[in-house]
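> Have a look at the structure that comes next, please.
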Amino acid sequence: MRKFLVVLDDSKECLNAMRFAAMRAARTKGGVQILAIIPPEEFQHWIGVGDIMREEARERINAHFEVFAKWMRDRQQVDPELVIREGEAVPEILAQIEEDRDIGVLVLGAGVSRDGPGPLVSQLSRTSGTLPIPITIVPGGLSKDEIEAVA
């Protein structure tokens, strides 16, 4: 089964990427894999404090995931899977794509601010020609109806 890989973060554009991936997966009989990445700088403390912070980050990720997962299950009949990795975002995304051969499309949400589309879109689009899968970039300004129309 082809999976749509979506990166879970706190950005507004993440929501549009999740919607698009779930709708495409439902229409193509695919799956959704949600990747959450815990940055290493969160744990640059004493070992005990770092372990507590790591566990708190995982709890936040799981709670956030469950919100998206419930919507995907209830509205799109798609049961997403969660993968949590620790490290720098781009290398971890690339490693996940390399490790899971069922991933067929990377779905990213593009920001709408004057600062540009966001660091992941900027960095990954530069290397898109060498990636083993296509990238779908979902504009952050699209409405739910517009996403549904193109999904």
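The values are calculated or read from the model by the stated rules, or taken from the named source; none is laboratory data. Computed from a prediction, not measured in an experiment: that's the story for all the values here. Don't worry about glycine lacking a Cβ; one is built from the backbone with ideal geometry, like all the others, and counts go over all protein chains shown.
Listed here are the residues, each with its yes/no results for (1) of a type in the set (D, E, K, R); (2) assigned to a helix (DSSP H, G or I); (3) in contact with a Ser or Thr (Cβ under 8 Å, 6 or more places away or on another chain).
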site: Ala95; (1), (2), (3): no, yes, no
site: Val107; (1), (2), (3): no, no, yes
site: Arg114; (1), (2), (3): yes, no, no
site: Ser125; (1), (2), (3): no, yes, no
site: Ile137; (1), (2), (3): no, no, yes
site: Gly141; (1), (2), (3): no, no, no
site: Ala149; (1), (2), (3): no, yes, no
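> So which of Arg85, Arg73, Arg24 is among the basic types (Lys, Arg), at pLDDT 95 or above and in contact with a Gly (Cβ under 9 Å, 6 or more places away or on another chain)? Step through it out loud before you land on a result.
Values: Arg85 fails: in contact with a Gly (Cβ under 9 Å, 6 or more places away or on another chain); Arg73 fails: in contact with a Gly (Cβ under 9 Å, 6 or more places away or on another chain).
Only one candidate passes the filter, namely Arg24.
> Looking only at the stretch 131-146, which residues are more than 14 Å from the chain's Cα centre (by Cα) and within 18 Å of Asp100 (Cβ to Cβ)?
The answer is Leu131, Pro132, Ile133, Pro134.
> For the stretch 60-87, name all the residues that are surrounded by 14 or more Cβ atoms within 10 Å (Cβ to Cβ) and farther than 24 Å from Ile147 by Cα.
Within the stretch 60-87, Ile61, Val83, Ile84, Arg85, Glu86 qualify.
> Only one of (1) within 15 Å of Leu35 (Cβ to Cβ); (2) modelled with pLDDT of 90 or more; (3) in a helix (DSSP H, G or I) fails for Leu120. Which number is that?
(2)
> Taking interchain pairs and intrachain pairs at least six residues apart, which have beta carbon atoms under 7 angstrom, with the first residue in the stretch 74-102 and closer than 14 Å to Leu131 by Cα and the second in a loop (DSSP other than H, G, I, E, B) and among the β-branched types (Val, Ile, Thr)?
Ile97/Ile133
> Whether any residue in the stretch 114-137 is touching a Lys or Arg at 6+ places or on another chain (Cβ under 8 Å), under 16 Å from Val6 (Cβ atoms), in contact (Cβ under 8 Å) with a residue 40 or more places away in the chain and small (Gly, Ala, Ser) is what I want to check.
no
> One residue is enough: does the stretch 8-22 have a residue meeting the conditions in a loop (DSSP other than H, G, I, E, B), of a type in the set (Gly, Ala, Ser) and without any contact (Cβ under 8 Å) to a residue 60 or more places away in the chain?
If we filter the stretch 8-22 for residues that are in a loop (DSSP other than H, G, I, E, B), which is where we start, we get 9-11.
Okay, now just the ones that are also of a type in the set (Gly, Ala, Ser), so 11.
Then drop every residue that is not without any contact (Cβ under 8 Å) to a residue 60 or more places away in the chain, which leaves none.
For the stretch 8-22, residues in a loop (DSSP other than H, G, I, E, B), of a type in the set (Gly, Ala, Ser) and without any contact (Cβ under 8 Å) to a residue 60 or more places away in the chain: absent.
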